[in-house]
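Undergrad: Structure incoming, see below.
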Amino acid sequence: MKKIFPDGFLIGGATASFQFEGGFGEDGHLPSSHDYETNGSPEHPRHHTMKLPDGTIVKPESSFIDAQDVPMDAEPVFLDDEYYPSHKAVDFYHHYKEDIKLMAEAGFNVYRFSISWSRIFPTGEEEQPNEAGLAFYDKVLTELEKYQIQPLITICHDEMPMPLALKYDGWNSRKVIDLYVKYAKVLFERFGKRCKYWLTFNEINAVRGFGPTGVHKASGLDRYQAAHNMFVASAKTVKMGHEMMPGSMFSTMYALSTVYPASCKPEDVFHVQQQLRENWYFVDTMGRGAYPSYANAILQHHGIDFDQLDITDEDRKILKEGQLDFISFSYYRSNTVKAGDKWFNVGGSPNPYLETTPWGWGVDPLGLRYTMNMVYDRIQKPIFIVENGMGAIDEPDENGYVEDDYRIKYMNDHLLAMTEAINNDGVECLGYTMWGPIDLVSLSTGEMKKRYGIIYVDMDDLGNGSLKRIPKKSFAWMKEVIASRGEKL
Ligand code: BG6
């Protein structure tokens, strides 16, 4: 079977501003909803640090669905004895030239990055954008152009200006729709001629809590209302983007690591079909431009009625008009579920047939091919794999060199599965961007030691280190694979 990447295939890496950029408070930047989040570990979840009106400090958990219940009247605070990883991240803000040069050396022809909303509209509600914030991304784009690397811009990767989270309860408010569209318009005016591919949101189907969506309680009706408001914001933005930038291509991004039935018991198989609809609800609505027939069944599963959502006729119209051009998603792993289990967006029980990463993520390359086929069969629009990779503990030698054969194996097997989906199964796939080509801060745990990169960054979990960038063994491997357009897999 042919392993070759198709003509015009985009291959490169992906990052998110709060995990990669640093530059906290520089050039007019104000805190985003992730900037009050501490570091953590699998055993000790990250949390926001907040002060209640009576002065009590609380540390509500923040990252994931149903884990957060931040009181509306709490104020965020920074504490001296906590480390907030987004402030420095790995300092792309000051290393962008060197970092983009390394990406070019690896042979990347696409780089997915997110723009920090808080750099452009620091409080979210200014009349005029912050010129210094825009200027930073101009410089990044100029650097990419130097090496003919296409940008793939995520307009909102799991964060927003903190005042919007506090004042409006984030995406729970329709007000935020207008503020987001205004922000997107500024990006299109400024960067529209330099960028063809845009993602409106990251992992929209996760509807994570306070840090990512600004929503104080991301469950029940709040969760689905926030999702609806994001659908409308995305559709308005897609429509506007098509008008302002003819030929531009839009997607939103979905977390689509998959699940299998724990057994062939019909109840387990049926459970998987139902649970997957929790994700299809997001893919179908935005990919086909209307809520699916099973929408009410999803909400009823969570004890609410679809009719309780605030959806206007105008909203339904814009959902039709602002459909996505392609479907992009992250894929890392697969899990199993059985009848009676809680529904997960991503997650479930380990699959006994799979090996796992040190963070317990089941390694399943065939699951990527399976997911590519499912998405393409369903929506019949091109797909784009915009996150995939292996979080692992790297042990550098005295020169900082890492022999990461485990990562090479993971990526080799996933890329192979991808080429099989393309060349054998007929899936139209625009590209692949590996997650975190240069080591960055983990979203779920806030650690540095969970590394994805083909380039090592000398920095520990508390931000100590020289920040030196050192290509790993996987860098040379990736370079060969790209240069051979997949033949070396
Ligand atoms: C996706 C996110 O969920 O997975 C990224 O879009 C994130 O922001 C990535 O970093 C990997 O997850 P983690 O928790 O290992 O960083």
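Undergrad: For the stretch 301-406, with only Lys/Arg (+1) and Asp/Glu (-1) charged at the beta-carbon, what is the dipole magnitude about the Cα centre, in debye rounded to 20? Don't skip to the answer; put the middle values down first.
TA: Numbers: 9 positive and 20 negative charges, 148 e Å.
Using Cβ point charges on Lys, Arg, Asp and Glu, the stretch 301-406 gives about 720 debye.
Undergrad: Using +1 on the beta carbon of Lys and Arg, -1 on that of Asp and Glu, and nothing else charged, what's the dipole of the chain about the Cα centre, debye to 20? Mind showing how you got there, number by number?
TA: Values: 50 positive and 70 negative charges, 305 e Å.
About 1460 debye.
Undergrad: Here's a follow-up. 7 Å from Cα along Cα→Cβ at both ILE393 and ALA132: what's the point-to-point distance in nm?
TA: Result for the modelled spin labels: 4.1 nm.
Undergrad: Restricting to DSSP H runs of at least four residues, report the calculated mean residue ellipticity at 222 nm for the chain, -39500 (n - 2.57) per run over all residues, nearest 500 deg cm²/dmol. Display every interim value, and only then the final one.
TA: On the way: 14 runs with 176 residues, N = 489.
When only DSSP H runs of four or more count, the value is -11500 deg cm²/dmol.
Undergrad: Could I get the Rg over Rh figure for the stretch 156-305? Both from C-alpha atoms, Rh via Kirkwood, rounded to two places. Each step should come with its number before you reach the end.
TA: Details: Rg = 16.7 Å, Rh = 16.5 Å.
Ratio of gyration radius to Kirkwood radius: 1.01.
Undergrad: Another question about this same structure. Can you give the relative contact order of the chain as a percent, counting alpha carbon pairs under 8 Å and 6+ residues apart?
TA: On the way: 1066 pairs, mean separation 88.9, N = 489.
Relative contact order of the chain: 18 percent.
Undergrad: Separate question: Putting +1 on Lys and Arg Cβ atoms and -1 on Asp and Glu Cβ atoms, find which of ASN279, SER234, TYR260 reaches farthest to the positive end of the dipole of the stretch 233-286.
TA: Among ASN279, SER234, TYR260, the one farthest towards the positive end of the dipole of the stretch 233-286 is SER234.
Undergrad: Using a 7 Å offset from the Cα along the Cα-to-Cβ direction at both ASN464 and MET240, what is the distance between the two label points in nm, to one decimal?
TA: 4.6 nm
Undergrad: When you count, for each residue, the other Cβ atoms within 10 Å and take the mean per peptide, how do 249-256, 474-481, 461-468 rank with the highest first? Write out the running numbers ahead of the final one.
TA: Numbers: 249-256: 25.4, 474-481: 20.9, 461-468: 13.4.
The most tightly packed comes first, giving 249-256, 474-481, 461-468.
Undergrad: Quick one, what does Rg over Rh come out to for the stretch 205-262 if you take C-alpha atoms and the Kirkwood Rh? Walk me through the numbers before you get to the answer.
TA: On the way: Rg = 14.7 Å, Rh = 13.4 Å.
Here Rg/Rh amounts to 1.09.
Undergrad: What is the packing order of peptides 448-454, 206-212, taking the mean over residues of other C-beta atoms within 10 Å and listing the highest first?
TA: Details: 448-454: 24.7, 206-212: 27.3.
Highest mean packing first, the order is 206-212, 448-454.
Undergrad: Evaluate the charge dipole of the stretch 1-140 about its Cα centre and quote only its size in Debye, nearest 20, assuming +1 on the Cβ of each Lys and Arg and -1 on the Cβ of each Asp and Glu. Intermediate values should be presented prior to the final figure.
TA: Numbers: 11 positive and 25 negative charges, 188 e Å.
The calculated dipole for the stretch 1-140 is roughly 900 debye.
Undergrad: Only helices at least 18 Å long along their axis, Cα-based, and averaging -1.0 or more on Kyte-Doolittle count here, so list those DSSP H runs from the chain. Don't skip to the answer; put the middle values down first.
TA: Values: long enough: 92-106 (20 Å, -0.71); 131-146 (22 Å, -0.14); 175-191 (24 Å, 0.37); 220-244 (36 Å, -0.34); 266-288 (30 Å, -0.92); 365-379 (22 Å, -0.08); 405-423 (26 Å, -0.44).
For the chain, where a helix must reach 18 Å along its axis and average at least -1.0, the hits are 92-106, 131-146, 175-191, 220-244, 266-288, 365-379, 405-423.
Undergrad: On to the next question. Using a Förster distance of 56 angstrom, determine the FRET efficiency expected from the C-beta separation of LYS193 and CYS264, and round it to 0.05.
TA: Efficiency at R0 = 56 Å is approximately 0.55.
Undergrad: Then there's this: Using the scaling law 2.2 N^0.38 Å as the reference, what is the normalised Cα Rg of the chain? Spell out each step's value before the answer.
TA: On the way: Rg = 21.1 Å, N = 489, 2.2 N^0.38 = 23.1 Å.
The value comes to 0.91.
Undergrad: Here is a further query. With both partners inside the chain, how many of the DSSP beta bridges are antiparallel, as a percent to the nearest 5?
TA: Working: 13 of 46 bridges.
Antiparallel bridges make up about 30 percent of those DSSP assigns within the chain.
Undergrad: Can I ask one more? May I ask for the distance between the Cα centers of the stretch 285-352 and the stretch 195-250, given as a whole number of Å?
TA: 13 Å
Undergrad: Could you tell me which of the pairs LYS139/LYS196; LYS59/LYS182; LYS193/LYS468; LYS101/LYS182; LYS101/LYS479; LYS175/LYS317 are separated by over 24 angstrom between their Cα atoms in the structure shown?
TA: Listed pairs above 24 Å: LYS59/LYS182; LYS193/LYS468; LYS101/LYS182.
Undergrad: Could you give me D for the stretch 417-458, from Stokes-Einstein at 25 °C and 0.890 mPa s, where the hydrodynamic radius is the Kirkwood radius over C-alpha pairs? Units µm² s⁻¹, please.
TA: Numbers: Rh = 12.3 Å.
This corresponds to a translational diffusion coefficient of 200 µm²/s.
Undergrad: Same structure again: Under Stokes-Einstein, with the Kirkwood radius over Cα pairs standing in for Rh, what whole-number D in µm²/s applies to the stretch 314-456 at 25 °C and 0.890 mPa s? Kindly include the intermediate steps, with their values, before the conclusion.
TA: Details: Rh = 16.9 Å.
After rounding, the answer is 145 µm²/s.
Undergrad: Kindly rank 140-147, 292-299, 275-282 from highest to lowest mean number of other beta carbons found within 10 Å of each residue. Display every interim value, and only then the final one.
TA: Numbers: 140-147: 17.4, 292-299: 15.2, 275-282: 20.2.
Averaged packing, sorted descending, gives the order 275-282, 140-147, 292-299.
Undergrad: Let me ask another. What's the FRET efficiency of GLN300 with SER349 using the Cβ-Cβ distance as r and R₀ = 25 Å, to the nearest 0.05? Display every interim value, and only then the final one.
TA: On the way: r = 25 Å, r/R0 = 1.00.
Efficiency computed from Cβ-Cβ geometry: 0.50.
Undergrad: What translational diffusion coefficient, to the nearest whole µm²/s, does the stretch 118-171 have by Stokes-Einstein, given a Kirkwood radius computed over alpha-carbon pairs, a temperature of 4 °C and 1.567 mPa s viscosity? Mind showing how you got there, number by number?
TA: Working: Rh = 12.7 Å.
It comes out at roughly 102 µm²/s.
Undergrad: To continue, here is another question. Taking the simple approach of a point 7 Å from Cα along Cα-to-Cβ for both ARG174 and GLN308, what is their distance in nm?
TA: Each label point lies 7 Å from its Cα, and together they span 1.9 nm.
Undergrad: Computed on alpha carbon atoms, what radius of gyration and Dmax characterise the stretch 25-64, expressed in Å?
TA: Both quantities, over Cα of the stretch 25-64: 12.3, 36 Å.
Undergrad: Output the antiparallel fraction of DSSP beta bridges having both residues in the stretch 321-457, as a percent to the nearest 5. Don't skip to the end; give the middle numbers.
TA: Working: 3 of 10 bridges.
Around 30 percent antiparallel, to the nearest 5.
Here, each number is a calculation from the coordinates, and none is a lab measurement. Keep in mind that this is a model prediction, so the values were computed, not measured. Cβ coordinates were reconstructed from backbone atoms using ideal geometry, including for glycine residues, and neighbour counts include every protein chain displayed.
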